[in-house]
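Read-outs throughout are calculated quantities, based only on the coordinates presented, and are distinct from any laboratory measurement. This structure is a prediction, so every number in the text was calculated from the model and none was measured. Counting neighbours? That spans all protein chains shown, and the Cβs are built from the backbone with ideal geometry, glycine included.
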Amino acid sequence: MKVLLLGPPGSGKSTQAQRLSRKLSYFQVSTGNLIRAHIQSDTELGRSIKGRHDRGELVPDDVILEITLPNLEPAGRWILDGFPRNQAQARALHEALEKRGISLSRVIALEAPDGELIERIKGRRQSLATGWTYHLEHDPPPKKRDDLDAGPFVPREDDTAEAVRRQLEIYHQEVEPLKQHYEKQGILTVVDARKPIPEVTEDILQALRPARAD
Ligand code: AMP
């Protein structure tokens, strides 16, 4: 099972990828989390991309490919969230998978209106301990210190109104057109991301069912 999760900021890509990786023992590869881990650890790469990340801009393709492609194990079961985000990345992904003799099982596109996404992002919190994503109302972080996730739970640096506006612009210009490409291949399922979190997970599981039986 090799799954891609596409969707605008705030549509729940990370939340759903977390839930699916726990339910189905998939390896979650989140490009945003990989980037933030570099920024948090203050690596040279992290320092070089922090500005772009915090402003809601894409980080350069070569950086993304370098940190993402090695995680896509041919024998593994993985769910990739936040990649590809433009045509060049989609091409690079295709070539990398072809070289490894594997292909994508399914692409899930989460959809919700911009206005709702902007509201949701205001309540988003991320754990500095685990990188897991929460929402103050819809998926609250553990109140007591939890063995699995001790926090602290903080807004992301790119959760500002300006950065979110930029991410939405980029999503509509660069990411949304990729859906057509996967639709032509017959592997796209569009999922309504306005529903409550468990229902969205159920819809995704339903979409993955035929591929899981392979
Ligand atoms: P996310 O956690 O998926 O919302 O991504 C947050 C930010 O990380 C984006 O706004 C970009 O700055 C950066 N990023 C994540 N994935 C990519 C990607 N595939 N290409 C370029 N930048 C990315």
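Listed here are the residues, each with its yes/no results for (1) surrounded by 15 or more Cβ atoms within 10 Å (Cβ to Cβ); (2) touching a residue at least 40 places away in the same chain (Cβ under 8 Å).
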{"residue": "ALA161", "(1), (2)": "no, yes"}
{"residue": "VAL164", "(1), (2)": "yes, yes"}
{"residue": "GLU169", "(1), (2)": "no, no"}
{"residue": "PRO177", "(1), (2)": "no, yes"}
{"residue": "GLY186", "(1), (2)": "no, no"}
{"residue": "VAL190", "(1), (2)": "yes, yes"}
{"residue": "ARG194", "(1), (2)": "yes, yes"}
{"residue": "VAL200", "(1), (2)": "yes, yes"}
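In region 133-192, how many residues are more than 16 Å from ARG120 (Cβ to Cβ) and part of a loop (DSSP other than H, G, I, E, B)?
15
It is to be established whether one or more residues within region 141-152 are within 16 Å of the ligand (Cβ to nearest atom) and crowded, with 17+ Cβ neighbours inside 10 Å.
no
Quick one: which of PRO210, PRO198 is under 29 Å from MET1 (Cα atoms) and out of contact with any strand residue (DSSP E or B) (no Cβ under 9 Å at 6 or more places or on another chain)? Talk me through it step by step, then tell me what you get.
Details: PRO210 fails: out of contact with any strand residue (DSSP E or B) (no Cβ under 9 Å at 6 or more places or on another chain).
So the residue among PRO210, PRO198 that is under 29 Å from MET1 (Cα atoms) and out of contact with any strand residue (DSSP E or B) (no Cβ under 9 Å at 6 or more places or on another chain) is PRO198.
For region 78-105, enumerate the residues that are in contact (Cβ under 8 Å) with a residue 24 or more places away in the chain and of a type in the set (D, E, K, R).
Correct list: ASP81, ARG85, ARG100.
Would you check if there is a residue in region 32-52 being under 16 Å from THR201 (Cβ atoms), within 9 Å of the ligand (Cβ to nearest atom) and not basic (Lys, Arg)?
no
Just to check your reading of the model, which residue among ILE108, ILE121, ILE79 is within 15 Å of the ligand (Cβ to nearest atom), in a helix (DSSP H, G or I) and out of contact with any Cys (no Cβ under 7 Å at 6 or more places or on another chain)?
That would be ILE121, the only listed residue that is within 15 Å of the ligand (Cβ to nearest atom), in a helix (DSSP H, G or I) and out of contact with any Cys (no Cβ under 7 Å at 6 or more places or on another chain).
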